[in-house]
Amino acid sequence: MPSSAPSPVPSPVPRRVVVPVLVGYLAAVAAVTLTPGRTHDGSLGVVRTVLAWLTDRGVPLTFEALEAVANVVMFVPFGVLVGLLLGARRWWAVVLLALATSVTIETVQRALPDRFPTVQDVVLNTLGAAVGVAALAWALPRVLRRPGRTRPGSASADPGRGQSRPAAAEGGPAR
């Protein structure tokens, strides 16, 4: 009996590309979130200097607001990459995996010096992944519909597919 569930939208990026990029991305997230806070003192000084410069020019941006935006932005790639692996239709699984990843990060941070785990970080990281998988769900059908783009397994992707073949060449009747 045929399944009533729609077939998944194919990914335009092969798994063999997505997995190493995801591993590199997760390593970068771990480096940013799980190293002792003292190692970031130099870059935080630069951030505070830029924020002071912006404030002097009338841009009301606080360190807390910038940190909140950074927590969202940091997990957007998670939503895109895991969404490419699982499929954007499984957005809920992507969001749950982001939640679990963020909770794990914040839990490990409890044992690290100069780190301050917060529920806000978990919420904002999870929001970032949701934004990423939502952007993927919006963009994927548009990318796959581009003129000249073929879907894997379609007749246009395999020029011999869908054409009649001589019965002698196949050893049976023409399809």
Overall form of the range 31-143 per C-alpha gyration tensor (a/c, 1.5; a/b vs b/c)
oblate
Residue order, fewest to most beta carbons within 10 Å, for L136, L26
L26, L136
Theoretical gain in end-to-end length, V69 to R15 [0.36 nm per residue, Cα-Cα removed]
16.5 nm
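Can you give the FRET efficiency to the nearest 0.05 for R145 and L96, using r as the Cβ-Cβ distance and R₀ = 22 Å?
Efficiency at R0 = 22 Å is approximately 0.15.
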15 Å beta-carbon shell around V122, net charge (K/R +1, D/E -1):
-1
With G83 itself left out, Lys, Arg at +1 and Asp, Glu at -1 over residues whose Cβ is under 10 Å from its Cβ give +2
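Since every read-out is calculated from the coordinates, none of them should be taken as a lab result. Remember, predicted model here, so these are calculated numbers, not experimental data. Glycine also receives a Cβ, built like all others from the backbone with ideal geometry; neighbour counts cover every protein chain displayed.
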